[in-house]
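Every number in this text was worked out from the coordinates using simple rules, so none of it is lab data. Since the model is a prediction, treat every value here as computed from it, not as a measurement. Positions of Cβ are backbone-derived with ideal geometry, glycine not excepted, and every protein chain shown enters the neighbour counts.
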Amino acid sequence: MKAEMSTENTGLGLEEFSQILKENKLKVTQPRLRVLEVISTKTSAISQPELEKILGTEIDRVTLYRILASFEEKGILHKVFDLNGTATYAFCSTRCSADHHHDQHVHFICSVCNSVFCLDEIALPKIKLPKDFSLHAIAINAVGLCDQCQKK
Ligand SMILES: [Zn+2]
Ligand SMILES: [Zn+2]
Ligand SMILES: [Zn+2]
């Protein structure tokens, strides 16, 4: 079975990013637009340290942390932990609402380069819980070699 991965750029521009911010009642600011722009150019999920490397001194660490937290809360991004337990962020494929991510899917993590990919089309199983248990999240990771590492 060959799963199709979202390894293509989102192709979104500043216009769309402004729109996303407005829809989520976030003020359109340069740092917020910049973070969306950087994330959209990546084919895999990106961590805060990686973002810091790309942004350099453009956005200070605290601001970046707040931006990521607010984007996650609004359902613009979702958080996935890589094999080292570092949080990485990826765009939500459907419109998630504040505090509720309804686009949960399986993630693929490369055991060599540690890149995290969304396998958007693989839905998570329905989980039947014991009485009085409530479900907040399901995390399923497929681990293997990504296309880039496969070529090496
Ligand atoms: Zn989501
Ligand atoms: Zn890899
Ligand atoms: Zn994902």
Checklist outcome for this item: the stretch 53-152: strands (runs of 3 or more DSSP E) wholly inside it with 2 or more residues that are within 16 Å of ligand 1 (Cβ to nearest atom) are 77-81, 87-91, 105-110, 116-123
Checklist entry - Considering the stretch 126-152 alone, what residues qualify as being surrounded by 10 or more Cβ atoms within 10 Å (Cβ to Cβ) and of a type in the set (S, T, N, Q)? => result 141, 148, 150
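Of the residues 88, 63, which is within 16 Å of ligand 2 (Cβ to nearest atom) and polar (S, T, N, Q)?
Numbers: 63 fails: within 16 Å of ligand 2 (Cβ to nearest atom).
None of the other options fit; the residue is 88.
Within the stretch 18-52, work out how many residues are among the basic types (Lys, Arg), part of a loop (DSSP other than H, G, I, E, B) and over 24 Å from residue 84 (Cβ atoms). It would help to see each step written out before you state the result.
Quick first cut of the stretch 18-52, residues among the basic types (Lys, Arg) only: 22, 25, 27, 32, 34, 42.
Pick out the ones that are also part of a loop (DSSP other than H, G, I, E, B) and you get 25, 27, 42.
Of the ones still in play, those that are also over 24 Å from residue 84 (Cβ atoms) are 25, 27.
The number of residues fulfilling the criteria is 2.
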Checklist outcome for this item: Of the residues in the stretch 91-114, those that are over 30 Å from residue 22 (Cβ atoms) and either away from ligand 2 (no atom under 16 Å from the Cβ) or surrounded by fewer than 19 Cβ atoms within 10 Å (Cβ to Cβ) (or both) come to 106, 111, 112, 113, 114
